[in-house]
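The values are calculated or read from the model by the stated rules, or taken from the named source; none is laboratory data. Since the model is a prediction, treat every value here as computed from it, not as a measurement. Note that we place each Cβ from the backbone using ideal geometry, even for glycine, and neighbour counts take in every protein chain shown.
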Amino acid sequence: MTTKWQAVKDPDEIKDFGLVWADLLLTDTIGTSVWLMPTGLTKDSDTFTDDTTTIWLSGGTDGETYRLTNRITTAGGRTYDETAVLRCKTK
């Protein structure tokens, strides 16, 4: 699956972005969350709950579009990937 975050990130911002997995998980829960990062963006931190994942990002280059993949493993042993698209633009 691919998600396009509607928000645009300024290269100077430190900003959080999230994914909601509830519809896919049904009664399962997130056990681990790993973000596969492109060159040029910095992951400052990340967290997850039973059905959401959040990443805090800094950096980026004005005019670039980045693809980040969030890989979760559920308590039930399933593995899912979601790729998010983020645009960087100086505000």
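Based on what the data block shows, is T32 in a loop (DSSP other than H, G, I, E, B), exposed (fewer than 13 other Cβ atoms within 10 Å of the Cβ) and not charged (D, E, K, R)?
Numbers: in a loop (DSSP other than H, G, I, E, B): no; exposed (fewer than 13 other Cβ atoms within 10 Å of the Cβ): yes; not charged (D, E, K, R): yes.
No, not satisfied.
Looking at region 70-91, which of its residues are in contact with a Leu (Cβ under 9 Å, 6 or more places away or on another chain), surrounded by fewer than 16 Cβ atoms within 10 Å (Cβ to Cβ), over 12 Å from I30 (Cβ atoms) and modelled with pLDDT of 95 or more?
Matches in region 70-91: D81 only.
For the structure I just gave you, tell me whether L36 is in contact with a strand residue (DSSP E or B) (Cβ under 8 Å, 6 or more places away or on another chain), under 18 Å from P11 (Cα atoms) and aliphatic (A, V, I, L, M).
no
Pairs under 6 Å by beta carbon, first residue farther than 20 Å from Y66 by Cβ in region 19-48, partner of a type in the set (F, W, Y) and assigned to a strand (DSSP E or B), six or more apart or different chains?
Correct list of pairs: I30/F48.
Kindly indicate which of G76, G63 is at negative phi and in a loop (DSSP other than H, G, I, E, B).
Working: G63 fails: at negative phi.
Just one listed residue meets the conditions, G76.
Take the residues of region 47-63 that are over 10 Å from G18 (Cβ atoms) and buried (at least 16 other Cβ atoms within 10 Å of the Cβ): which is nearest to the chain's Cα centre (by Cα)?
L57
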